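First up is the structure itself, then whatever we jot down about it.
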Amino acid sequence: MRGLPRGGVRQRRRPGRGAGEAEVVRRAVRDVRGVVRGAGAARPGGRGGRLDAHALAGVRAHPQPGPGRGLPRRRAVLLGHGGRLAERALGARRAHGAPRAAALAGPGHRHPRGLGARRADPPARGVRGLTLVAPVVLVRADAGPRIGSGHLVRQLALADLLAARGAEVVVVTTGDDPRITAAGHRSLTVPEQADATGRPWPVAAQLADARATIERAGGAVDVVVVDHYGLDHVWEAEVRRIADRVVAVDDLAGRRREVDLLVDHNWYGAGSAGRYDGTVPDGCELLLGPRYALLHPAYAELRKESSPAAVPPRRLLVSFGGTDPAGETRTVLEALRGRPAFERVEVVVGSPAALAPGLEDLVADVPGAELHVALPSLAPSLQRADLAIGASGTATWERICLQVPAIVTTTAPHQSGVTRALAEAGLTTWAGLVGEVGVDGYRALLDRAAEGALPLPPPLVDGYGAARVAHAVLPTRPTGPDDGLRLRLAGPEDAPVAVARGDDPAGWVAAGNRFASDLVVPDVVVVVVEVDGVPSACLRVTRDGPDVDSTNHIDILDKRAAGIMDDVLDRLVWPCSEGEPTRLAALVPGQGGR
């Protein structure tokens, strides 16, 4: 089999980056080879090339951090190219006799003893006699009435997954947001810049913010993650003074970046993969598209329990994010007043400050409506809904993850690109701009929803996007020959693993139809490849062996790992019992067979 083509829109500008996951598979497949050959030799009439239950058992993972099951919050980790970051940490420890992260303790830190003191409390871990400390990831993001809370919310989702991979996460903002410490992460604040306007900010404001961030950090960190419309290559070049690795989370493109990794989970139509051409360094790795949607890990678990939305919808969710400065919630409630069309209407306001005068009275006038303020998570309410009305942004991917049809209102033309592209592709309903839809506009759209005329969301988001990004931010070396790799049978909830590739909606539809068919066709078995508990690829296995065309779904491996997966594919042959085909579940006890 030839080497694998590059799948999806995970791109690298030069080889040699992010090889940790390839090493996971390399060692696991080496173990598979030995198990398979041994099993084939010992079994009467057996052949060494067949992947049976013993072979699959040989690649079961040790507990690893996928959503819902993580490592202890403290773990010895080897990072980067050949463990370079960990080696640097060890060198600093030998030189100074203390963990490097102790420098993060400083005046004004929320914890009275400082971050360094807290990090020194747990017993140190060792690898081959050497003591390692957890990597430190510094996140720079802001939230507020003017910019909303989307940047901070998605960074907290990523922070949870980074912590599950053994990192200490420190979040730097211009305001002390209680959600940071409530999530178990450290919080530092920097002063607001008086002239911090525009996208990006003026050079002087960016430099001042970067230097304040460096000062508050007080020393070197392993990774800096920046998610901010006001900061670009000026800020990133400055913070390289304290970080080995700089990561940007972006939506806008068009700005020059000075980063090692860039994440943009949005989709702006066919050709989106080229949006960052000429704006990032040659060595920058790109993770683009909904496959990398930065959602809280709870969404991955809730998706498994979600049922298709009722048509016509019986339960409605109204939520315009953390701020709703234009008062769009009020407009929707006025459109709902006197319409007993829903059994239940949940109205969610992101914060007490967003609770406009008279809103509670409007909720009381809507049959079946109830008001929630500042819920810790929107996910349970969204899972209960058959229809959602709300804003764009990360909420778009949350609704798609839980398969909830939506009526989406955007705040400004420059923030409407994703919603416009999805609407033009027939994948969502765009109401228009805030302040322009009006009561009559929402009533007309509600009538369409009652008729079942709204498009259903495509299977593009599985809730594991933040985990995939965490893998790329903190690539690790496996600790054993079978560490991290697992094979299991696919189920309906795995559709995004097969579908969310590339940026062509026609391709998504075709892949979704084929995946649904493969789950019920007797002559096809679909196998999911997981790395550290995160679904990475779907492979079709037929009587003739693995479908070569399905190998382009493997994008968690770099090009140099193509031959490694070939070894796995060569051993995934059709399972037979006395000459008759059987479901692979019979050969995968305890691995989630269906």
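The table for this structure:
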read-out: Failed item, numbered, when ASP176 is tested on (1) open to solvent by 30 Å² or more (accessible area, probe 1.4 Å); (2) acidic (Asp, Glu); (3) at pLDDT 95 or above; (4) under 19 Å from GLY322 (Cα atoms); value: (3)
read-out: LEU252, sole failed condition from (1) crowded, with 23+ Cβ neighbours inside 10 Å; (2) closer than 24 Å to TRP397 by Cβ; (3) touching a residue at least 40 places away in the same chain (Cβ under 8 Å); (4) hydrophobic (A, V, I, L, M, F, W, C); value: (1)
read-out: Residue ID - modelled with the lowest pLDDT, chosen from residues in region 232-264 that are of a type in the set (Asp, Glu) and outside any loop (DSSP other than H, G, I, E, B); value: ASP244
read-out: Qualifying positions in region 193-232 - closer than 16 Å to ALA141 by Cβ, open to solvent by 40 Å² or more (accessible area, probe 1.4 Å) and within 29 Å of the chain's Cα centre (by Cα); value: ARG199, PRO200, ARG216, TYR229
read-out: Residues located in region 204-222, provided they are of a type in the set (Asp, Glu) and more than 19 Å from ASP260 (Cα to Cα); value: ASP209, GLU215
read-out: Criterion (in contact with a Leu (Cβ under 6 Å, 6 or more places away or on another chain), among the small types (Gly, Ala, Ser) and crowded, with 24+ Cβ neighbours inside 10 Å) met by exactly one of ALA449, ALA466; value: ALA466
read-out: Some residue of region 508-521 being touching a Pro at 6+ places or on another chain (Cβ under 9 Å) and over 20 Å from SER536 (Cβ atoms); value: yes
read-out: Tally, over region 407-420, of residues that are buried (at least 22 other Cβ atoms within 10 Å of the Cβ) and under 21 Å from the mean Cα position of the chain (by Cα); value: 2
read-out: Tally, over region 135-157, of residues that are of a type outside the set (A, V, I, L, M, F, W, C), open to solvent by 30 Å² or more (accessible area, probe 1.4 Å) and under 16 Å from PRO376 (Cβ atoms); value: 0
read-out: ASP483 being at pLDDT 95 or above and acidic (Asp, Glu); value: no
read-out: Near pairs, Cβ below 6 angstrom, 6+ apart or cross-chain, from region 335-359 (over 26 Å from GLY148 (Cα atoms)) to any residue that is among the small types (Gly, Ala, Ser) and assigned to a loop (DSSP other than H, G, I, E, B); value: PHE342/GLY368; GLU343/GLY368; ARG344/GLY368
read-out: Residues of region 158-169 that turn out to be closer than 16 Å to VAL226 by Cβ and surrounded by fewer than 24 Cβ atoms within 10 Å (Cβ to Cβ), as a count; value: 0
read-out: Test: residue in region 505-522 that is open to solvent by less than 30 Å² (accessible area, probe 1.4 Å), part of a loop (DSSP other than H, G, I, E, B) and modelled with pLDDT of 85 or more; value: no
read-out: Residues that are touching a residue at least 60 places away in the same chain (Cβ under 8 Å) and part of a strand (DSSP E or B), drawn from region 525-535; value: GLU530, VAL531, VAL534, PRO535
read-out: Pairs where the first residue, in region 274-287, is surrounded by 20 or more Cβ atoms within 10 Å (Cβ to Cβ) and the second is assigned to a helix (DSSP H, G or I), C-beta under 8 Å, 6+ apart; value: GLU285/ALA472; LEU286/ALA273; LEU287/ARG468; LEU287/VAL469; LEU287/ALA472
read-out: Filter result (under 29 Å from PRO340 (Cβ atoms) and of a type in the set (D, E, K, R)) within region 413-461; value: GLU436, ASP440, ARG443, ASP447, ARG448, GLU451
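The values are calculated or read from the model by the stated rules, or taken from the named source; none is laboratory data. The model shown is predicted, which means the values in this text are computed figures rather than measured ones. Note: ideal-geometry Cβ built from the backbone for every residue, glycine included; neighbour counts use all protein chains shown. Just the protein is used for accessible areas: all its heavy atoms, side chains included, with ligands, DNA and RNA removed. Shrake-Rupley method; radii C 1.70, N 1.55, O 1.52, S 1.80 Å.
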